[in-house]
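The numbers here are math on the coordinates, done by the rules we state, and not lab data. Computed from a prediction, not measured in an experiment: that's the story for all the values here. So basically every Cβ, Gly included, is an ideal-geometry build from the backbone, and we count neighbours across all protein chains shown.
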Amino acid sequence: MGIKKISYYVLALLVSSASLFSCQKAHEEGDYSGDGISTVIMRLSPFKGETDDTRTEYSFDSGTNTFTFLWAEGDAVGIVSSEGSQMKFPVQEQFYGQVDAEFDGRGFALVSGSRYASYTPFIPDYDINPEAVPVDYTGQVQRGDDNTSHLGAYGFSAAIGSAPSSGMLYFTYQNIGSPHRYRMPVLPGTYSSLTVSVDDASYVTKGTFNLNAEDEASLITLTPSETSESLHLDLVETTMSSVGNLRCWMMVAPTNLTGKVIRMRLERPDGTALISAVAGADCPANYRKLFSSKTSVYPAEKMVEASGGTVSFQLINSTTPVGVTAASGVDWITSAGSATEDRVTTYTFNVAENTGAAREGTIVFSESGTGISHTVTVSQQKAGTIIGIGGWVSENHTGHAN
């Protein structure tokens, strides 16, 4: 799919009293005779990728594959001068919910000849180190299916000011992170969290970027300070009324996952989980990635008592179904057939009686032609263990009384 063109969004910043920023007092006298900067213009670059995207409030239209950007309450940018002092430029209420916001920039003591860099969202620390502006991708929470409103708080972006001309200073922001959408087929029910992980790879969860960088590529290069084997997204008020595709969004630090498999674990409030997977890709800064899995399996784990019995797993297919084969990895778990209704295939397996120690086996569900598979776990209690009413466990013993 080609990249759709959308116009840049322009932000010209508000008149404010120079006394608000006493750190710039040295520039106030005489700077407005022709050398001062009367207007600051912000341009937010759209994310590159299959479709276009910007910052703050995100609204994805799956019908047209386009994003709409609107400024929201609390939005602000920071501008840091070559002297290292920071200024806050808030978006005013009359521009909430709009694409463009216009402000008169007089009064901020910005002068031609100084170097300025800017970033957003604003960090309320006027002694911020411009060479180590922090980013943090942890703690993300999504409310409802396919909701992107939480991404604005993690949409870190930065820009180096162009040479002032005719009293105007221009910034064209570059996005540091990569917004990811994970779409997976699911069963009806409520879901409470999503965890994504990649074998033999790690994600940057915290880091810094350097506003004193000499060029834009270096400006948006993240220096890691914390990494993790997985990323976590809390889900609130996320209930699916029928079989369908659940869409979860996270802002992610740039990472190359080419040749990897992204594994997704979607948990319910009762602790059970649905698992899915999709091929990875390169996820550089300023690019959005849409990951759509073909199948999911529920539940991810099953516990069986020592006497054996049957277990069932449900495979949920996408609206463009792919073939799936299910194979046991141990001889004590054998197939008992499957049945399909709509997009859900229920696989049943027989579990033999266990006469020894507790054991664990796996069943692998393999998609045809994609190289993707899902592995579920069957755990069986050791011989003599009984799972009773309410989940209590006891052991049968034999012996002689003296």
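Calculated FRET efficiency, Glu353 to Lys206, Cβ-Cβ distance, R0 = 35 Å: about 0.10 to the nearest 0.05. A convex hull fitted to the Cα coordinates of region 249-300 yields 86 cubic angstrom per residue. In percent, rounded to a whole number, the relative contact order of region 296-395 is 33, using alpha-carbon pairs under 8 Å and six or more apart. Label-to-label distance, Asp127 versus Lys382, with points set 7 angstrom from Cα along the beta-carbon direction: 5.9 nm.
Averaging over all projection directions, the Cα-based convex hull of region 296-395 occupies 6.9 nm² in the image plane.
Given their separation in residues at 0.36 nm each and the Cα-Cα distance between them, Ala279 and Val236 gain 12.8 nm when the chain is fully extended. Near Thr377: Cβ cut-off under 14 Å, other residues only, Lys/Arg at +1 and Asp/Glu at -1. The net charge is +2.
Pairs exceeding a 20 Å alpha-carbon distance, out of Lys206/Lys260; Lys260/Lys289; Lys206/Lys294: Lys206/Lys260; Lys206/Lys294.
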